[in-house]
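The values are calculated or read from the model by the stated rules, or taken from the named source; none is laboratory data. Everything numeric in this text was worked out from a predicted model, so none of it was measured. Glycine gets a Cβ as well: all are built from the backbone with ideal geometry, and neighbour counts include every protein chain shown.
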Amino acid sequence: MPGSSRPTKPSARAERTRGRLLAALREGSWTVDDLADRLGLTDNAVRFHLESLEQAGTIEKNGVRRLGVGQPAVLYALSAAGEEAFSKAYAPVLIATLVELRERMTPRELMGFLKRIGRRLATEVGRFNGSLATRASNASSLLNALGGVTEVEKKANGYVIIGRACPLARAVEADHCVCAAVTSLVAEVVGADVTECCDRSGRPKCRFEIKPVPATRTIARS
């Protein structure tokens, strides 16, 4: 459509080039000239792909390198999100950790531990402000940023976050108790009562019912 600003999908060749750039950046921080020499590309081609990767949050500027009296060259490196995208160890390590904890803790101790993990994660985000609708929407966005696919629906007595995918699907398939950490995270950031009703009949799908906390009490903590 004329005048449309919809982004186009990168070609297979562009995807391969960006993959080579990311592979190089896994080894350290590099300038445009470094990457151009290493990959046999022009400086302009490298800059074009670096700009796209930076907009996607996969890479970031990581200081400068000073060479003589000229303008310092910007160094690029993988961002934390970029590093995580390469790692395949998170789910296996989490699952193995849960197995160890199951052997060393009672079910009650394990649930309390996972809830504390959720609250600790929440401290990094902070409690959301605004109406309950706004807080529920922000909690859904947080879950999506962590790898989930969720949306919010209004109910008669509150809201429900409904997911089509779970950010911890592999771990949840191995041990459902891990949902306690996510429930605690959501409850802490929205400042409301949250009940976990996740669908685990197949591939795990998140579902959290959110109700306002009565003014006469505070959220129960374990």
Could you check, for the range 66-81, whether at least one of its residues is at pLDDT below 95 and under 20 Å from Leu168 (Cβ atoms)? yes
Scan (1) at pLDDT 95 or above; (2) over 16 Å from Ala139 (Cβ atoms) for the single condition Ile161 breaks and write down its number. (2)
Name the helices (runs of 4 or more DSSP H) wholly inside the range 29-93 in which the number of residues that are surrounded by 15 or more Cβ atoms within 10 Å (Cβ to Cβ) and touching a residue at least 12 places away in the same chain (Cβ under 8 Å) is 3 or more. 32-39, 43-55
Please determine, by comparing only the residues of the range 137-182 that are of a type outside the set (A, V, I, L, M, F, W, C) and surrounded by 20 or more Cβ atoms within 10 Å (Cβ to Cβ), which one is farthest from Leu121 (Cα to Cα). Tyr159
Suppose the filter is under 21 Å from Gln71 (Cα atoms) and basic (Lys, Arg); does Arg18 pass it? no
Looking at the range 130-165 only, could you name the residues that are within 20 Å of the chain's Cα centre (by Cα) and among the acidic types (Asp, Glu)? Glu151
Collect the residues in the range 36-55 that are within 15 Å of Leu25 (Cβ to Cβ) and not small (Gly, Ala, Ser), keeping them in residue-number order. Asp37, Arg38, Leu39, Leu41, Val46, Arg47, His49, Leu50, Glu51, Leu53, Glu54
